[in-house]
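Input: a single structure, listed below in structure tokens.
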Amino acid sequence: MQGLRDVLEQTQKNGLAVGHFNFADTVLLKAIFAAAQELKVPVLVGASEGEREFLGVRQAAALVRSLREEFDFPIFLNADHTHSLAKAVEAAKAGFDAIVFDLSALPFDQNVRQTKQAVEALKSINPAILVEGEIGDIGTGSEIHEEAPDLSKGLTTPVEAKQYVESSGVDILAPAVGNMHGLLKSMLQGQTRKRLDIQRIAQIKSATRVPLTLHGASGTDEQDLRKAIAAGINIVHINTELRVAWRRGLESGLAKQPDEVVPYKILPNVVESVKQVTRSRLRLFSQR
Ligand SMILES: [Zn+2]
């Protein structure tokens with residue numbers, strides 16, 4: 001079985017990216033895994049601090065490990081947006097394959113210094129673990145926002161990206177390149193779409209030469225996503241689109257069977273709804 005690092009290298013060689021999808025329950029995980037299995041592409045699943053708190057850190061790790069082993073399938077687990085070393089260590093000890101160590105809210109120098117310490121601590125627990133660092137501002141909360149935040153001042157520059165990667169020792173970098181967490185109301189119906197700074201991605205890639213992650217990719221223009229992958233993005237995060245599909249699937253499942261109380265008769269509707277979105281995103285990221 002290939003490790004996550006090998007999978008990232010291989011997909012990059014092929015000019016493709018690995019899809020990253022968040023889960024906080026087994027319905028989401030089941031849907032994501034089914035879509036990846038159907039398309040026969042590696043997949044990264046992630047759980048943020050809040051998602052881990054709901055599902056359980058060791059429980060999330062055990063679920064993903066059981067899928068990987070039973071089906072001999074390249075599914076990997078990421079501790080998304082981890083804001084403290086204690087939580088990062090907890091995830092590393094539980095067997096997560098990657099950690100997003102996110103101190104992007106701190107001043108640059110503090111972010112570098114504390115991320116470097118975290119990289120050393122996490123690699124001493126698991127030398128194969130991949131640590132991702134974040135610089136710039138991409139907003140918070142994978143949910144529906146009323147208004148667009150002004151993120152223009154928080155875009156990552158190639159110079160600071162290079163300095164950050166070299167000084168902190170992170171394996172993966174998450175830059176701010178026009179992406180944003182969450183969706184605006186206008187994006188729900190597709191009237192507006194997020195646009196990416198493709199040239200900036202290419203410059204950051206050539207300055208850093210490390211795998212790059214695009215966070216907050218829900219609701220992004222599809223041509224921009226293709227171009228971003230060609231310019232050097234290796235991991236694409238989708239969360240809000242899945243959450244919307246989860247809720248719609250649940251609502252329609254309940255509406256179809258107003259008297260049903262059996263979870264495993266209602267929830268397949270949610271699995272199908274989430275699976276459809278995951279499949280369409282995975283197709284986009286894994287086919288040129
Ligand atoms: Zn994110």
Starting from the 7 Å offset along Cα-to-Cβ, what nm value, one decimal, do you get for the label separation of Q2 and S66? 2.7 nm
Over the stretch 138-288, what is the relative contact order in percent, taking alpha-carbon pairs closer than 8 angstrom and at least six residues apart? 21 percent
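Let me have the relative contact order for the chain, percent, based on Cα pairs under 8 Å that are six or more residues apart.
21 percent
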Between 0 and 90°, nearest 10: helix 268-286 axis offset from the chain longest Cα axis: 40 degrees
If I take R0 = 22 Å and measure r between the Cβ atoms of E147 and Q276 in this structure, what FRET efficiency does the formula 1/(1 + (r/R0)^6) give, to the nearest 0.05? 0.15
Using square roots of five times the C-alpha gyration tensor eigenvalues, list the equivalent-ellipsoid semi-axes of the stretch 83-125 in whole Å, biggest first. 19, 10, 7
Between the stretch 1-61 and the stretch 232-287, the alpha-carbon center distance in angstrom: 15 Å
Assuming 0.36 nm per residue, please report the length gained on full extension of the stretch A255 to L188 beyond their Cα-Cα distance. 22.0 nm
Calculated diffusion of the stretch 138-288, Stokes-Einstein form, Kirkwood radius summed over Cα pairs, 25 °C and 0.890 mPa s, µm²/s: 146 µm²/s
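In what order, largest first, do R248, R195, R209 sit by accessible area if the probe radius is 1.4 Å?
The ranking, largest first, comes out as R209, R195, R248.
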Pairwise FRET efficiency - R58 versus H83, Cβ, R0 = 22 Å, nearest 0.05: 0.65
Point-charge dipole on Cβ atoms (K/R +1, D/E -1) for the stretch 71-137, about Cα centre, debye to 20: 280 debye
Roll a 1.4 Å probe over the protein heavy atoms and report the accessible area of K256 in Å², nearest 10. 140 Å²
Report, in cubic angstrom per residue, the convex hull volume of the C-alpha atoms of the stretch 207-286. 94 Å³
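As a test of understanding, state the convex hull volume per residue of the stretch 79-212 from its alpha carbons, in Å³.
Taking the convex hull of the Cα positions in the stretch 79-212, it is 111 Å³ per residue.
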D for the stretch 160-216, whole µm²/s, Stokes-Einstein with Kirkwood Rh over alpha-carbon pairs at 4 °C and 1.567 mPa s: what number? 103 µm²/s
Rounded to two decimals, the Debye log10 I(q)/I(0) of the chain (Cα scatterers, no solvent) at q = 0.10, 0.11, 0.12, 0.15 Å⁻¹ is -0.49, -0.60, -0.72, -1.15
Fully extended contour minus Cα-Cα distance, from A34 to E222, at 0.36 nm per residue: 65.4 nm
On a straight-distance basis, which lysines could pair with K153 in a cross-link, Cα separation under 21 angstrom, same-chain partners fewer than 8 positions away excluded? K162, K194, K205
What's the extension gain from E166 to K123 if we count 0.36 nm per residue and subtract their Cα-Cα distance? 13.8 nm
Report the Cα-based extents of the stretch 46-138 along its three principal axes, largest first, to the nearest Å. 44, 26, 20
If K153, K162 are ordered by their accessible area, calculated over protein heavy atoms with a 1.4 Å probe, which sequence runs from highest to lowest? K153, K162
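The values are calculated or read from the model by the stated rules, or taken from the named source; none is laboratory data. Please read these numbers as outputs of a predicted model, since none were measured by experiment. Glycine also receives a Cβ, built like all others from the backbone with ideal geometry; neighbour counts cover every protein chain displayed. Please note that ligands, DNA and RNA were not included when accessible areas were found on the heavy atoms of the full protein model with its side chains. Shrake-Rupley method; radii C 1.70, N 1.55, O 1.52, S 1.80 Å.
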